[in-house]
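Remarks on the structure that follows.
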Amino acid sequence: MTKADVVSKLQDVFDNVFVEDVKVTEELSANDVTEWDSLSHITLIVAVEKAFKVRFGMGEVEAANNVGGLADLILKKLQA
Amino acid sequence: MSVSPISDYQALKALLASKSESFWQELAKRTAQSRQFYDFSFLSTLRRKAIARDFLPSSGNVRKSKLALLGGCTLFPLSELISHALYMQDNHCEIWSGDYDNYVWEMTDESSDLRSFRPDFVFLLPPASRYKYSGKLSDSKESVLDELTKNCASILELCRRAHEGTGAEVILCNFILPSYFDPGEIRTRVMASEWNSLKWLNMEIGLTAPPYVHICDLEFLAARKGGLEARDDKAWFESKQPFSADFAVDVAREVAHIIRSVRNPAKKVLIVDLDETLWGGIIGDDGLNGIELGDTSARGECFKEFQRVIKELSDRGVILSVCSKNDMHNAVAPFEKHPEMVLRKDDFASFQANWDPKPDNILQIASELNLGMDSFVLIDDNPAEIDIVSQFAPAVTGLWLGTDPSDYIRCLRDSRLFETRSITQEDANRASQYKQDENRKGLLLNAESMEAYLESLKMQAHINDFQSVDVPRVAQLINKSNQFNLTTKRRSEAEVASLVDSDYVCYSLRLQDRFGDLGLVSIIIAKKEKTDLIIDTWLMSCRVLKRQVEHLCMNELFSRARSLNCNTVKGFYIPSAKNQMVKDFFPTMGFTQVKTSDEFTEYETRTGEFKEFDTKISVLRGPNDKG
């Protein structure tokens, strides 16, 4: 799976989590999405874990600043 | 089992995009089945997307209520899950969540936001860390109970203050038991262990809570799911989540169930089918010695145990009734004579055994018991019966038991329809207020709607001359069918085989509908003698009664009579101990009686006078058909 594949699959996850339409790009971050607050973030991360069948460690997701960072983290988990 | 969260929602999204009314039905159905966090929260997102587009369900009875959530943990996304579960049961709930771990102040202070919110329900999730026993494992039982009694009282005091301050009903969570091995089996031997002390505390809460407190039994729910599955340490440390994501769905569903059950009384009447429901087999065909019931076979044991479960419901105050397609004398025989029956006839307040549609019989039960049909539950092994009842008596809750009798108990005991809320059963008498008029309103059955119903079944029939491969099944039906059997002529397999490719007219009919394949359901054998076509055998499975199968078979017979240049079709009714139901078959089919005696009655119709019956069954011809 390439980073572009991950981002494209993340688009589906975002569509399933947020009510507003969000265009997912590597640069996208929580600041760009009104609904993406600390609460909906919980739902988003569980959904990402389920969609990619990965499990993030403590603090790992917080270290990712934007979708690109999250995609890198997912790829790292998938290769592990 | 992993379902891709991507493709799985396309159909729902398409319904949403076109604002189709079936979006809401489909969403409700999916929500009712959903047990996983990611699925449940995606469904919730779809609901919120619809609402954001002003696309609302056109449901009649919407309730609005207010729910306050309080506890020593993060209450999101639990609040979102509860909100979705309630919305999908037509309760458009406004939810207010208290601040993190601020519940004591919120529940006791008169100036708190909880008071000004004026909730209908207050949900409290107290943290175990504050209420579990605080001492050492070696402490005495007395000191443990002393502390826990006080802890229980302080939790219930918070509930009382919140109830008196707001008038709300309180939903109180008890405690999940620990699931780590530590400290070993000593956990069972001393009261001071976390395991024993929390169990005791849960019991004390349940036994002493006043009626306005409803227990959200986390101990039970976690035991049902598995203790390790209920918690998630990472989620606790990262964001103070009290549960694993999936267990939060279980809790949300439970809260929604409690809120619904506070306002809707439990069901009062359980209507049971007989054949393949209370015993295995068909009493009318298999007879008293042929049905499966009791400890001699695994299936028989399932049915017997299922009867015990029903008996237990009856002991708890549920009224039992029978609604079965059977002749009365066949239907009552096991109750009176079968030694393995747990249920007896006087366990039933109403007993309907006949060949009328079940919605008619349920109306009869409603009028006999003078109870509203919305308190009725029908259990049946036949999905078509559940379907016809849901169409014509929609107030009745239909519960399809499935195809395997070992699943019946779970199906009934997990239905949540007969949960007892109090031992006193205060509202037991309220039932008599129901009027019969209301019952009639719920019943839509008439000739016109029956046609529509049959049409909705999308029935397809295969009519085939006897084939060699069918011989065993045909012989089995010929030798087993008793009720819808005009002449009850038995034939061995060899005799049936000799009919294949003979000059007899002999064909079978297979039926399928949108619920599935019903198999080979009817057999007709006739013989041409000069210019007469004489019906030798006519039988049909009672499973397809009132489905127009006999009409289709009759159309077929006359079409064959014409092609054989027969000008008359003759039929006989030979009475047996079990075939009274077809006594008037030929007259209702338009035949004229020619002669009658004790042994048989003879009927006939001129081929030219026969008028083809309209049916809602489409006919597919078999590959080797000669007719």
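Sparsely packed loop sites in segment B:503-565 (the trypsin sites (Lys or Arg not before Pro) outside DSSP H, G, I, E and B with at most 10 other Cβ atoms within 10 Å) comprise B:Lys530. Residues in segment B:569-581 carry Karplus couplings, in order, of 10, 10, x, 10, 10, 10, x, 10, 5, 10, 10, 4, 5 Hz; the curve used is 6.51 cos²θ - 1.76 cosθ + 1.60 with θ = phi - 60°, and Gly or Pro positions show x. Taken one residue at a time, the phi angles of segment B:461-471 give Karplus couplings (6.51, -1.76, 1.60, θ = phi - 60°) of 10, 9, 9, 9, 5, 3, 10, 4, 5, 7, 3 Hz. Gly and Pro are set to x. When only Cα pairs under 8 Å and 6 or more residues apart are kept, what is the percent relative contact order across segment B:269-454? Computed value for segment B:269-454: 21 percent relative contact order. Relative to the longest principal axis of the Cα atoms of chain A, helix A:3-17 runs at roughly 40 degrees. Of all aspartates and glutamates in the structure, not one lies under 12 Å Cα to Cα from B:Lys530 without also being fewer than 8 positions from it along the same chain.
For B:Val619, the residues whose modelled amide H falls within less than 5 Å of its own, excluding neighbours fewer than 5 places apart on the same chain, are B:Ala461. Solvent-accessible area per residue in segment B:1-58 equals 49 Å², computed with a 1.4 angstrom probe and all protein chains kept.
For B:Val594, the amide hydrogen comes within under 5 Å of the amide hydrogens of B:Glu602, B:Tyr603, B:Glu604, counting only partners 5 or more places away or on other chains and with H modelled in the peptide plane. Remark: segment B:59-263 is approximated by an ellipsoid whose semi-axes, taken from the C-alpha gyration tensor as √(5λ), come to 29, 20, 15 Å, largest first. In segment B:39-70, what residues drop by 50 Å² or more of accessible area when the other protein chains are put back, versus the chain on its own? Use 1.4 Å, and skip ligands and nucleic acids. With the partner chains in place, segment B:39-70 has these residues losing at least 50 Å²: B:Phe42, B:Lys49.
Surface calculation, 1.4 Å probe, protein heavy atoms: B:Trp105 sits at approximately 110 Å² accessible.
The angle between the Cα long axis of helix B:549-563 and the main principal axis of chain B comes to about 30°, on a 0 to 90 degree scale. Among the chymotrypsin sites (Phe, Trp or Tyr not before Pro) in segment B:118-224, those located in a DSSP loop and surrounded by at most 13 other Cβ atoms within 10 Å of their own Cβ are B:Tyr180, B:Phe181. Surface composition of chain B: carbon and sulfur atoms hold 48% of the protein heavy-atom accessible area at a 1.4 Å probe.
Near B:Glu219: Cβ cut-off under 15 Å, other residues only, Lys/Arg at +1 and Asp/Glu at -1. The net charge is 0. Between chain B and chain A, roughly 2000 Å² of accessible surface gets buried, counting both sides and using a 1.4 Å probe.
For B:Cys73, the amide hydrogen comes within under 5 Å of the amide hydrogens of B:Asp101, counting only partners 5 or more places away or on other chains and with H modelled in the peptide plane. For the protein assembly as shown, the equivalent ellipsoid built from the Cα gyration tensor has semi-axes of 59, 32, 24 Å, listed from largest to smallest. For chain B, averaging the sequence separation of C-alpha pairs within contact (under 8 Å, six or more residues apart) and dividing by the residue count gives a relative contact order of 8 percent.
Out of the GluC sites (Glu not before Pro) in segment B:64-172, which ones are loop residues according to DSSP with at most 16 other C-beta atoms within 10 Å?
Passing both the DSSP loop test and the Cβ count: B:Glu110.
Burial of accessible area (probe 1.4 Å, heavy atoms of protein chains only) in segment A:49-72, relative to its chain alone, reaches at least 40 Å² for A:Lys50, A:Arg55, A:Met58. The residues of segment A:3-79 expose on average 48 square angstrom of accessible surface per residue, using a 1.4 Å probe on protein heavy atoms.
How much accessible area per residue does segment B:260-377 have, in Å², with a 1.4 Å probe?
It amounts to 37 Å² per residue over segment B:260-377.
Within the shell defined by Cβ-Cβ distances under 14 Å, the residues around B:Asp404 carry a net charge of -4, with Lys and Arg each +1 and Asp and Glu each -1. Straight-line reach from B:Lys325: taking Cα to Cα under 19 Å and skipping same-chain neighbours fewer than 8 places apart, the lysines in range are B:Lys345, B:Lys358, B:Lys480, B:Lys546, B:Lys578, B:Lys583.
As a length-normalised measure over Cα pairs under 8 Å and 6 or more apart, the relative contact order of segment A:1-42 settles at 31 percent. In terms of distances greater than 32 angstrom between alpha carbons, the cross-link table entries A:Lys76/B:Lys19; A:Lys23/B:Lys234; A:Lys50/B:Lys150; B:Lys304/B:Lys489 yield A:Lys76/B:Lys19; A:Lys50/B:Lys150; B:Lys304/B:Lys489. Backbone geometry of segment B:373-388 corresponds, through the Karplus equation with coefficients 6.51, -1.76 and 1.60 at θ = phi - 60°, to 3J(HN,Hα) couplings of 5, 6, 9, 9, 10, 10, 10, 8, 8, 9, x, 5, 5, 4, 5, 5 Hz, x marking Gly and Pro.
Of all aspartates and glutamates in the structure, those lying under 12 Å Cα to Cα from B:Lys267, and not within fewer than 8 positions of it along the same chain, are B:Asp374, B:Glu419, B:Asp427.
The values are calculated or read from the model by the stated rules, or taken from the named source; none is laboratory data. These numbers were taken from a predicted model, which means no experiment stands behind them. Virtual Cβ from ideal backbone geometry, glycine too; neighbours counted across all protein chains shown. Side chains are part of the model used for accessible areas, which takes the heavy atoms of the whole protein and leaves out ligands, DNA and RNA. Shrake-Rupley method; radii C 1.70, N 1.55, O 1.52, S 1.80 Å.
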